[in-house]
Structures are given as C-alpha cells and as structure tokens.
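The structure under discussion appears below in the form of structure tokens.
The values are calculated or read from the model by the stated rules, or taken from the named source; none is laboratory data. Everything quoted here is computed from the prediction, not taken from an experiment. In this analysis, Cβ positions are derived from the backbone assuming ideal geometry, glycine residues included, and neighbour counts consider all displayed protein chains. Just so you know, the surface numbers come from the protein's heavy atoms only, side chains and all, with ligands and any DNA or RNA stripped out. Shrake-Rupley method; radii C 1.70, N 1.55, O 1.52, S 1.80 Å.
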Amino acid sequence: MSSTPWLFSTRSLGLCSAIVAASACTERHPGEETDGDDTTTITDGPATDGPTTNDPPTTTDPPTTTDPTDGPTPDTDGDPTSGPDPGESVVIAFNADADILFVIDNSLSMATRQAKLAAAMDSFLERLEGLNYRIGITTTDSGNPRCDEMVTTPERGRLQLTSCIQRVEQGEFEVLGEDASSACTDLCALTDADLPIKPTETHLSNGELAPRKWVEQINHVTNLPDGVDPVDALQCFIPQGVAGCGMESHLESMFLALSQASDDTSPTNHGFIRPHASLSVIFVSDEADCSWASEEIFTSNKVFWEDPDAAAPTSAACWNAGVACKGAGPTFETCTSANFGSDGSSDVPDEQAVLRPLARYIDLVQTIENDKHVFDPGAEVRVMMLTGVPVGYESHDAEIVYEDAPDPQFQTDFGIGPGCVGSDGLTAIPPVRERVFAEAFEVGEGRDLFSICQDSYDAALAAMAGTIADQVRPACMPKCVADVEPNTPTLEPNCELFEVDLLNETRTAIPPCMVIDGEWTAPAGSTVCFGELTDGSGQTPSSIDDMSPECVAEGFNLQFLLIRSAPAQSGVFVEATCQLSFNPAGDCPLL
C-alpha cells in the first residue's frame, strides 16, 4: 500500500478535514441499498452553511487545488458560526474493524486442546462485542516430506470454514484407531447444511457478493444464517480434526494465509485482510514450528535426526534444525532461533538455512503493519499464542524452562523436554522460533503467550480478545476545536461530517444525531448520524456526551461518535471539517 488516494481530495477542499476510517473498509451485506438522492459530487467546501439535519447537500464543481491559507471562503466572510474555516488536513483513526487469523494445530495430540478452544469462544466473542470483526481459520499443516499428502491433505494457509461434523464424517477425527470425534460433537450440533454463509462484499471484490471463508460481524450483522449465534457457529468451525501432519509449520501456514489474502487467484483468502482493520494472529499448537526449506533433512540427510540409525526422523529434527540452546544441559540457560546449514553449521545466511528464516515471517507482517500506518499511525499487528509455556508466563509469574526430557523416548521424539504438563497429563513443547517471532511484535511489558496446558482457555481467550479490542481507539479530534458558544458549560463545536467515495467522486453529508430518551438516534430516513462528545470532566448531568478517558488524557476537546443502523457501503470513508481554535494554548493546554 504505497499510495494515499484521499490526500488530494482533503487538501484540495481547503478545510480542516479529518479522515475518519470508521467505514473505510466495511463491507456491504446482502440487501443493503444506497439512496442515490443523498449522493452528491465532491465539493470544494461545506455543502451547506453549517451543520444541519435536514438541508439537502448541494452539488458544485469538483475540488480544485485552492490554497487553504487564502482565508475564509466567500460564503462565510469569516463568520465563526456559518461554517468551518479553512485549515489543514488531519487524520482521525476511527476504526472498529478487527481481522483475526487462527492458525490451529490439527495433529493427533490436539483433540482435547481444540475442544477447549471451541469452549472458550463465548469468552472470546464477549470481549469483541461492538467490533466489526472477521475471524479466519487455517491449520499448521503446510505439508512435509514425511507426511503423505493424500492422507493429511495440507491446507497450506487456505482458510477453512466447514462444520467439524463434516470432518468427523470424513474421518479427520480418527488417527491410528483413536476416535477423537467428541472434540467436535460435545459442543457442535450444526452441520454445513445448517451453516450456509451469506454472500458479502470485500474491498477487492469490485462489488461482487459471494460467500466468504470466514465468519464476520459488521455493524452487528453477521454473514451467518439468521438465528445462528456466532458462538455456536465457531464452536463448529474451530475444531479442525487430528489428521494433519505432525511436523507442524505454524509460521509458513500463517505466511501463506496472509499472502493469499491479496492474491486474486485464491478462492478462500482473497480480500480477508482489510487495509484499515487491525490484524491479530493467534497460534494454537503444542509442538515446535517446522517451517522447512530443505526436504533432504527429512529424507537422506540425517544431521538433525535425534537417532541417525532410525528409519525415519521424529519431530526432534524440527527442534534440532531451528533452535540453539546455551549451556551444557540438561537444563539450558536459554534457547533461541538459529539458522543451520545442511551440514549442521550454525549462523548460516538466510538463503542457506534448512528451516525458513524468521526474517521471512517478520518482514511480511511488518510490511502489513507499515501499510496500516497510512490509515492509523499507531496501528500494530498483534501475535498471540496458546503454546507450551507454563501457566503464568503471560504475567511474568513463571518462566520457560528449557531442559532435556528425563524420559529418553520423549527426548527422541521431540529433542527437548516439555515446556508444560497439563492436569490431564498432556504435554507441550516450549516455543522458540514462534516465540521469537511473537516477541518481534510485542507491545509494552505484557506477554501474549498463554499456556496450552491450562484446564480452561476462557481466561486466555478473553485476554486475547481484550488485546484486540484495546487496539480500537476512540475517535479523538487531534486538533483543538473552537468553541462557537463560549458562554455554555461545555464546548460547542462547529463541525460537519461527510461520507466520501473517491471512486465515484461523491461526498454525502452525514446528519448530526438527535438525542431521544437519552440515546443517540439517527434522524428519520437516515441510516447514519454523528455525535459530538465534548464533556471531558462531568460538567453535564448526562453521560451521553462524555468523552473517553483516552481523549481527555491526550488533551483533546472533541471526540466523534458514528451511529449506524445499516452497514456502510464498501470503500467509503468519513470526512470531518471543523472550525479550529485561534487560541489552542488556552483552549487545549494539554495538547
């Protein structure tokens, strides 16, 4: 994303314009219509003489490159109450969109863990309430020379959205005679026939409506069948079975899933990632990453095998080919990711490493994050995990212990001892490559790695959802706004908001909300309205105009609220024009 097509429009308007990314990538749902009578050509100034709820927008010439410092426009003559004065363009990050990718281990040991994950969906979605979310699911299976693809059918990052009941019928919950179907059927009662996905649009679909391979909720409208709760649907979609390859490629599966989101040949992932939305990746696995670059280390080259005399390698080859531990053992000081060459030499260049280098994955996700900075300079991609760390690791109450396994067979199988052991006796391998990857996107002192050995994942999934929700910041106006009625207790701003569609060169006025029975309400006939929150210190008896603590702490004196009763049209953003204070030092001393 190298261009910012909205900059020309906002600067040429010669106004204090705020791009509010609330609906920039919100997709249209079936049955949504737009009222052509409300859509006008983009103008070079306010569509009316001031904010109004019923004056129709006027149509004027397209925008010009008028110098915004020329002074008041002729129709205002500098009157502070007749319309916002000229000013500079600013960006407001007003975004309730969250894209979430689950990468779930579907190997034999994961049945119980998948069931716990499905059971925690209620706690997860409860914390996402109010967000416009998309949830995509793929597996850790991207293929491996030791796995028969006719049996494991690797997903290679493709998003999956079928009921686990269908996978039970296809034998994906039975391996080596073990029946793990209860991981699905204990919570899921919906078949694919019960879960037809409604067609929706994406920002890359050119208006085409089609069923997508993800669950989404946009402005409280889901793409699920009427009457189906997202929790119930996800409890059927989350369990991925246990027939996947046991040499898991967490990072490569993520890489392929994210890359295919912009690939117009991908029937499953194309359009999944929205440019304005936050992005979170959640890994759920009990083994080490084995994103391989060299086939021979699993076939003819036995340098990394725990037992060179064995007929086939174990998962220990993945650990030995990508991890270097410090110390003599059996307990190590630390373990970190390392590039090994095919002869076992360490610190080789990325292109010679037998496992794909971490730079491949960090660079991709960092590029995605940088692209999001065009719309929100504070945007961050978050990486979270349910993995082989001890309970309390996320809060620094426990640390990972890297040590050889006392059981020789466990050591042969995995190359290291368990990072955690559950009350059910199930173990998990301590993360290294995936941990280092996650740490590259860590924010603050907290950790986003939670123990997969816990009895319940409710608290972990609620914390992850809280991290996602916390990325959605209030729509503070980042400039000091003028008070056009200084004798009233709170700020009286003079602002106008518009929905702008640059592709069709239209700019549609958004009416201010009315307050009815203590609630922000759109005027009759409108599906969208805006509210102005101006009370930063409890000066009014009502809480409806209270600003968020975040906006107040930053010293802003105005916050916007956008109320919708129907989904926004795809590709439309919201633009605000406000009269700015001539004395910001006095009116907004904390800015």
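When the residues of the range 482-515 are filtered to those that are among the acidic types (Asp, Glu) and over 26 Å from Glu550 (Cβ atoms), which remaining residue is farthest from the chain's Cα centre (by Cα)? So, considering only residues that are among the acidic types (Asp, Glu) and over 26 Å from Glu550 (Cβ atoms), the one farthest from the chain's Cα centre (by Cα) is Glu505. When you check Phe255 against the structure, is it open to solvent by 20 Å² or more (accessible area, probe 1.4 Å) and touching a helix residue (DSSP H, G or I) at 6+ places or on another chain (Cβ under 8 Å), yes or no? Judged against the criteria, Phe255 is a match. Taken as a whole, the condition of being over 19 Å from Lys116 (Cβ atoms), outside any loop (DSSP other than H, G, I, E, B) and open to solvent by 20 Å² or more (accessible area, probe 1.4 Å) does not apply to Asp483. Kindly list, by first and then second residue, each pair from a residue in the range 458-477 that is farther than 24 Å from Glu532 by Cβ and of a type in the set (D, E, K, R) to a residue that is at pLDDT 95 or above and part of a loop (DSSP other than H, G, I, E, B), limited to pairs with Cβ atoms under 6 Å and residues at least 6 apart or on different chains. Listed pairs, sorted by first residue: Asp458/Ala120. Consider the range 437-461 and keep the residues that are surrounded by fewer than 17 Cβ atoms within 10 Å (Cβ to Cβ) and among the aliphatic types (A, V, I, L, M). The one that is nearest to Ala96 (Cα to Cα) is Val443. Of the residues that make up the range 454-470, is at least one in contact with a Pro (Cβ under 7 Å, 6 or more places away or on another chain) and within 30 Å of Arg356 (Cα to Cα)? Within the range 454-470, not a single residue is in contact with a Pro (Cβ under 7 Å, 6 or more places away or on another chain) and within 30 Å of Arg356 (Cα to Cα). Within the range 227-239, being open to solvent by less than 10 Å² (accessible area, probe 1.4 Å) and outside any helix (DSSP H, G or I) holds for Ile238, Pro239.
Selection within the range 556-591: residues that are within 23 Å of the chain's Cα centre (by Cα) and not in a loop (DSSP other than H, G, I, E, B). The member of this set that is modelled with the highest pLDDT is Phe560. Remark: pairs (first residue in the range 545-563, closer than 21 Å to Cys513 by Cβ and open to solvent by less than 20 Å² (accessible area, probe 1.4 Å); second residue in a loop (DSSP other than H, G, I, E, B) and among the aliphatic types (A, V, I, L, M); Cβ separation under 7 Å; 6+ apart in sequence or on different chains) = Leu558/Met477; Leu558/Leu491; Gln559/Met477; Gln559/Met547; Phe560/Met477.
Evaluate the following for His270: is it open to solvent by less than 10 Å² (accessible area, probe 1.4 Å), within 26 Å of Asn106 (Cβ to Cβ), at pLDDT 95 or above and under 18 Å from the mean Cα position of the chain (by Cα)? Considered against the rule, which asks whether it is open to solvent by less than 10 Å² (accessible area, probe 1.4 Å), within 26 Å of Asn106 (Cβ to Cβ), at pLDDT 95 or above and under 18 Å from the mean Cα position of the chain (by Cα), His270 comes out as no. As a summary of the residue check, Phe410 satisfies the conditions (1) surrounded by 17 or more Cβ atoms within 10 Å (Cβ to Cβ); (2) within 22 Å of Ile104 (Cβ to Cβ); (3) without any contact (Cβ under 8 Å) to a residue 60 or more places away in the chain; (4) touching a Ser or Thr at 6+ places or on another chain (Cβ under 8 Å) except for the one numbered (2). Of the strands (runs of 3 or more DSSP E) contained entirely in the range 289-387, not one carries at least 3 residues that are under 20 Å from Tyr402 (Cβ atoms), open to solvent by 30 Å² or more (accessible area, probe 1.4 Å) and touching a His at 6+ places or on another chain (Cβ under 7 Å). Would you please name the residue that is farthest from Gln539 (Cα to Cα), looking only at residues in the range 492-512 that are open to solvent by 20 Å² or more (accessible area, probe 1.4 Å) and hydrophobic (A, V, I, L, M, F, W, C)? Residue satisfying both the conditions and the ranking: Leu503. Gly518: open to solvent by less than 10 Å² (accessible area, probe 1.4 Å), within 30 Å of Leu590 (Cβ to Cβ), more than 21 Å from the chain's Cα centre (by Cα) and of a type outside the set (A, V, I, L, M, F, W, C), yes or no? For Gly518, the condition - open to solvent by less than 10 Å² (accessible area, probe 1.4 Å), within 30 Å of Leu590 (Cβ to Cβ), more than 21 Å from the chain's Cα centre (by Cα) and of a type outside the set (A, V, I, L, M, F, W, C) - is not met.
A count restricted to the range 423-454 and to residues that are over 17 Å from Leu279 (Cα atoms), of a type in the set (Val, Ile, Thr) and in contact with a strand residue (DSSP E or B) (Cβ under 8 Å, 6 or more places away or on another chain) stands at 4. Any chance the range 402-410 includes a residue that's polar (S, T, N, Q), assigned to a helix (DSSP H, G or I) and in contact with an Asp or Glu (Cβ under 9 Å, 6 or more places away or on another chain)? So far as the range 402-410 goes, no, none of its residues is polar (S, T, N, Q), assigned to a helix (DSSP H, G or I) and in contact with an Asp or Glu (Cβ under 9 Å, 6 or more places away or on another chain). Is there any pair linking a residue in the range 491-504 that is closer than 23 Å to Asn557 by Cα and in a strand (DSSP E or B) to one that is modelled with pLDDT of 80 or more and among the charged types (D, E, K, R), with Cβ under 6 Å and at least six apart or on different chains, and which? Hits for this filter: Phe498/Arg507. When the criteria are applied in full, Glu399 fails the requirement of being over 15 Å from Ser451 (Cβ atoms), in a loop (DSSP other than H, G, I, E, B) and acidic (Asp, Glu). Scanning the range 422-436 for residues that are under 22 Å from Ala462 (Cα atoms) and either modelled with pLDDT under 95 or not in a loop (DSSP other than H, G, I, E, B) (or both) turns up Ala428, Glu434, Arg435.
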